[in-house]
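K.L.:
This structure is in structure tokens; I'll ask about it shortly.
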Amino acid sequence: MVALMEMCLFTIEHPQARRIFIRGVADISKPIDDYDKIIKFKDGAEEKSELPKNPYIEGETDYNLFEELKSSIATHFEEIGDELVFADEYGSENAVYNNHSTTDEYIIEMEKVVL
């Protein structure tokens, strides 16, 4: 069977509040193009190239944490893209090591899916 597409499903969480997160999908089929083209973020039911709107009420703690997370993603977009393209399929030998990344600014959980 020939794989038609390789996708990476991911969740990026705020390290101080794991309830604050952004989900998305990246087309990691080879050849890999510009990260701006292959990474889409969930915004409600839609997938968009830009980061989603803040769903929290301005002035609340969760609003500020969500803005921090968005800022971290924008600042480290290339590094995050590098992590996503090396995700492994669930159950593979290296998935435990390659499908999780933690920094002081964000946590990434990811999984490669072959369609």
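What follows draws every value from the coordinates through simple rules; no lab data is involved. Computed from a predicted model, the values in this text were never measured in an experiment. Here the Cβ is made from the backbone with ideal geometry for all residues, glycine too, and neighbour counts use every protein chain on show.
K.L.:
Whole-Å semi-axes of region 6-114's equivalent ellipsoid, largest first, each the root of 5 times a Cα gyration tensor eigenvalue?
P.N.:
24, 15, 12
K.L.:
Measure nothing fancy, just the Cα-based angle from helix 61-75's long axis to the longest principal axis of the chain, in degrees from 0 to 90, nearest 10.
P.N.:
40
K.L.:
Another question about this same structure. Got a sec? How would Asp34, Asp82 order by Cβ neighbour count within 10 Å, fewest to most?
P.N.:
Starting with the residue having the fewest Cβ neighbours, the order is Asp34, Asp82.
K.L.:
What pairs from Lys37/Lys112; Lys30/Lys70; Lys42/Lys70 go past 22 Å between their alpha carbons?
P.N.:
Lys30/Lys70
K.L.:
Do the sum for the chain: with -39,500 (n - 2.57) for every DSSP H run of n ≥ 4, divided by all residues, what is the mean residue ellipticity at 222 nm, to the nearest 500 deg cm²/dmol?
P.N.:
The per-residue figure over the chain is -7500 deg cm²/dmol.
K.L.:
Taking neighbour counts of Cβ atoms within 10 Å as a proxy for exposure, in what order, fewest first, do Arg18, Arg23 appear?
P.N.:
Fewest to most other Cβ atoms nearby, the residues stand as Arg18, Arg23.
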